[in-house]
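A short write-up of the structure that comes next.
The values are calculated or read from the model by the stated rules, or taken from the named source; none is laboratory data. If you're wondering where the values come from, they're calculated on a predicted model, not measured in any experiment. Here the Cβ positions follow ideal geometry from the backbone for every residue, glycine too, while neighbour counts run over all protein chains shown.
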There are 2 protein chains.
Amino acid sequence: MARVAGVSQATVSLVLGDKWAGRVSERTAAAVRAAARELGYRPNLAARSLRLGRTRTALLVVPALTTEFFARVYTGAARVAAEGGFGVVLYPSPEGVGPARDPFDSARASLDGVIASSMAADALAAVRGGGLPLVMLDSSPDETAAAATVNLDIADGMRQAAGHLLGLGHRRIAHVAAAVDTWTFRVRARALAAAVGAVPGASLHTETAPLTVDEGRRAAERALTHPGPRPTALVCDDDILAAGACKAARRLGLRVPDDVSVTGFDDLALATAVDPELTTVRLPAEAVGAAGMRALMAVLADEPARDTSLPVELVPRGSTGPPPR
Amino acid sequence: MARVAGVSQATVSLVLGDKWAGRVSERTAAAVRAAARELGYRPNLAARSLRLGRTRTALLVVPALTTEFFARVYTGAARVAAEGGFGVVLYPSPEGVGPARDPFDSARASLDGVIASSMAADALAAVRGGGLPLVMLDSSPDETAAAATVNLDIADGMRQAAGHLLGLGHRRIAHVAAAVDTWTFRVRARALAAAVGAVPGASLHTETAPLTVDEGRRAAERALTHPGPRPTALVCDDDILAAGACKAARRLGLRVPDDVSVTGFDDLALATAVDPELTTVRLPAEAVGAAGMRALMAVLADEPARDTSLPVELVPRGSTGPPPR
DNA sequence: TTGAAAGCGCTAACAC
DNA sequence: GTGTTAGCGCTTTCAA
C-alpha cells in the first residue's frame, strides 16, 4: 500500500505497528494513517505471521460446541483474545466435526498455543507433542503437561448442593452420575460421597447415564424404582440429566419437589426453562474461557501464569424442598 | 524440511500437494513422505497462504453462539469445510464477543469468503464492502449482495404448525412472536396470519418478546390474560419462547395441552427437555451450515452455486392437543 | 527521520 | 524426473 499512498514502505509498518516512538515524524505518521484509512488498507496477516513466526492464534479444544457450556467457554475466551489482539479457532473433538482428525489441520492456521478442556481428552493426545504451550481447563490440578490450569471448585459446588439437600432433611439420596470418565465428574462423585457419608443415617445410591435428557430420565427411573425405600433427592451431574430426572419423576407420578427433589450442575439456560426451575450449581463458563485465554497469553509472554481456581455457587430454585412427610 | 531429510525442495511441495502426477518418481515420493512423517513435518500455513493469496478460510457470522441453533450451524459448516480442506472462523456479532468490532480483525486470518446469518444483520454492514464472496443464510431470497443463499422453508413450517392446530380444532390462536426484525420472523408472522385468516371463524392475536424464556413467559401471560375469550393455542416463534409460554400457562393454573396448546420452532434440545415435550418445527441447523459452506466453496471454485432451500418438518409431541371442551 | 534490503516458508514456472 | 529461482507482503536491522 504505502509505496503508492504516501511516502515509504517500512515506515508504514512502524506507524501501523505503533512502534514509531521517536523514529517517525508526527507529520508522516498522520499521512500514513490517512492513506491507510482511505485505501481501506488491511495488513496481510499471512505475511505478518510468516515473518514473525507467531500467529497470535490459539486453539480451543472442546467436546462439541452444541453444549451451551462450551459455547460459553468459547465466548469468554474469544472476548479476552480479541482484547489482546489474539484469535481463537475451535477444535470440537470427535462427534462434532467429523473427519478432521488433526487439530493442526482442522484449524487452518498455525497456532501459538492450545487451551483444552479435560473433557476432550481423546483429542488431547493429538495436541500433546505439538510442543505448544498448553492450558488445561477444569482438569486435575496436577496435570503435568500443562503450562497452566484453570479450575473450577467443583468439589465445593457439590458440597454446597449436598449440604443444601441434607440441610432440608433428605437422607436417602441418589446420584445420577455422568457416564464420562473425567476428572470433573470423578470429583463430583467423590465430594458427594464424602458429604453424604459424613451424616449418620444418610445413604447414597448411584446410577450412571450418558449426558442426554433421555438417558438421564432412564437413569433416574432406575434410581427411583430401585428395590428398597425410594430416594427423596436426586443429585444430577449436570442440568441436562436433571431435566431428564424431572421427567422421570413425573412419569412415575411423583411431584417435584414435593415427592422428590432434584439438583443439577452448570446453570444452563435449560435450568430456568424447565418447570419447576432447577436448583443447580452455577459454573462461570465464560470466566473459565476468559481465564484460560489470559493464562495462555501470559505463558506466551513469558509471564508467570499462576494456576487459577474459580469459585462456584449454588443457586437454589424450585426443584428442591424438604423431603415428603 | 526437505532439504535436510532427503532429496530436494520443490519436490516436497509437489508430493505433499498431491501434484506429482507424472513429475516425480514413485521412489522419491515415498522417501519424501517417509521423511515428512519422521520429522513430524507440518507445512507452514502462513507461508502457503501468502504464496497462494488464498487462505482456505471462511468467516461465519452469527448472532451469539450460545444459542444452540447457531452452534449447530457452525458444526455443520465446520464439518463440510474440513472435508474440503477449509477452515471456519467465527464472528459472533455484538453481544457475544465484545469489542471486536471488525470482523476481519476479530478473526485473525485473511479470509476467502463470508457466510452470514441474516440474524446478524448489524454485523453485515462491516462485512459488505470487504469485496468477499458472501453466502447468506435464512435470509430474503432476493438478497442482492449475496453470491448465493441458503434458505429454510420457514413459511411451510409455519403453515404446518398452524395446520396442525387448526386441524385439532383450535380457533383462537395467539402468536408469541420474536421481537427481532428479521426476514425469518417476518415470514413466520405472515405465514401464520395467512393460515389462520384462511379459516372462517379463526382469530389471531399477537404479542412480541425478546428471545428469552422469561420474556416469552411474560408475553404468553399477556396473551392468555388479554380481555376477551382466552386463546386455546400459543404459536411461538422459537422453542425458547415456547418454554416460557408453558411456564406462563402453568402459572395461570392452565394445563398444557389440556387447557392450552403450545408450539415452538427450531427443535432444540430444549424441546424434549421440558415436560410435556414441545410440538415444534424442526429446522435442520447443521444442514444449513453445511449447505452454506458448500455454496461458498462452489462460488470460490467458480462453479455455479444455485440457491438452496431446505425443507422443514413439524414434529408433533405432547404440548399440543385438541382445544378444551 | 527515512529508505533499502534481507528473508520468513512456500508454490509455480521454467531450466536442466 | 528433479533442481533452481522468483516472489507473495510483511517486519526488522542497518545505512544514509
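Go through segment A:224-247 residue by residue and tally those that are touching a Cys at 6+ places or on another chain (Cβ under 9 Å) and not in a strand (DSSP E or B).
Of all residues in segment A:224-247, those touching a Cys at 6+ places or on another chain (Cβ under 9 Å) come to A:234, A:242-245.
Okay, now just the ones that are also not in a strand (DSSP E or B), so A:242-245.
Number of matching residues: 4.
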For this session: Give B:Val288, B:Val312 a once-over and let me know the one that is under 25 Å from B:Thr232 (Cα atoms) and of a type in the set (Val, Ile, Thr).
Result: B:Val312
Seminar exercise, completed: B:Thr280 passes all but one of the listed conditions (1) buried (at least 24 other Cβ atoms within 10 Å of the Cβ); (2) within 9 Å of chain A (Cβ to nearest Cβ); the exception is number (2)
Exercise. Can you name the residue in segment B:283-305 that is in a loop (DSSP other than H, G, I, E, B) and either surrounded by fewer than 23 Cβ atoms within 10 Å (Cβ to Cβ) or of a type in the set (Val, Ile, Thr) (or both) and is also nearest to the chain's Cα centre (by Cα) among such residues?
Worked result: B:Pro284
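Mind telling me which of the residues B:Gly84, B:Gly40, B:Gly76 ends up being modelled with pLDDT of 90 or more, out of contact with any strand residue (DSSP E or B) (no Cβ under 8 Å at 6 or more places or on another chain) and away from DNA strand D (no atom under 14 Å from the Cβ)?
Details: B:Gly84 fails: modelled with pLDDT of 90 or more; B:Gly40 fails: modelled with pLDDT of 90 or more.
Step by step, each of B:Gly84, B:Gly40, B:Gly76 is checked, and only B:Gly76 is modelled with pLDDT of 90 or more, out of contact with any strand residue (DSSP E or B) (no Cβ under 8 Å at 6 or more places or on another chain) and away from DNA strand D (no atom under 14 Å from the Cβ).
Restricting attention to segment B:306-321, and to residues there that are in a loop (DSSP other than H, G, I, E, B) and among the charged types (D, E, K, R), which single residue is farthest from B:Val150 (Cα to Cα)? Step through it out loud before you land on a result.
First, the residues of segment B:306-321 that are in a loop (DSSP other than H, G, I, E, B): B:306-307, B:311-312, B:316-321.
Okay, now just the ones that are also among the charged types (D, E, K, R), so B:306-307, B:317.
Working: B:Arg306: 9, B:Asp307: 6, B:Arg317: 28 Å.
Among those that are in a loop (DSSP other than H, G, I, E, B) and among the charged types (D, E, K, R), it is B:Arg317.
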For this session: Kindly list, by first and then second residue, each pair from a residue in segment A:41-58 that is more than 7 Å from chain B (Cβ to nearest Cβ) to a residue that is among the small types (Gly, Ala, Ser) and surrounded by 16 or more Cβ atoms within 10 Å (Cβ to Cβ), limited to pairs with Cβ atoms under 6 Å and residues at least 6 apart or on different chains.
Result: A:Ala58/A:Gly113
Exercise. Can you tell me how many residues in segment A:8-37 are within 13 Å of DNA strand D (Cβ to nearest atom) and of a type in the set (Lys, Arg)?
Worked result: 2
Problem set entry | Sole exception among (1) within 14 Å of chain A (Cβ to nearest Cβ); (2) under 22 Å from B:Pro276 (Cα atoms) for B:Arg230, by number | (1)
Exercise. Residues of segment A:264-277 being under 20 Å from the mean Cα position of the chain (by Cα), in a loop (DSSP other than H, G, I, E, B) and among the hydrophobic types (A, V, I, L, M, F, W, C), which ones?
Worked result: A:Phe265, A:Leu268, A:Ala269
Seminar exercise, completed: Within segment A:137-162, residues being surrounded by fewer than 20 Cβ atoms within 10 Å (Cβ to Cβ) and among the small types (Gly, Ala, Ser) number 4
Problem set entry | Single unsatisfied condition, A:Ala273 versus (1) away from chain B (no Cβ under 14 Å); (2) without any contact (Cβ under 8 Å) to a residue 12 or more places away in the chain; (3) closer than 30 Å to B:Ser319 by Cα | (1)
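Is it true that A:Val12 is modelled with pLDDT of 85 or more and in contact with a helix residue (DSSP H, G or I) (Cβ under 7 Å, 6 or more places away or on another chain)?
Working: modelled with pLDDT of 85 or more: yes; in contact with a helix residue (DSSP H, G or I) (Cβ under 7 Å, 6 or more places away or on another chain): yes.
In short, yes.
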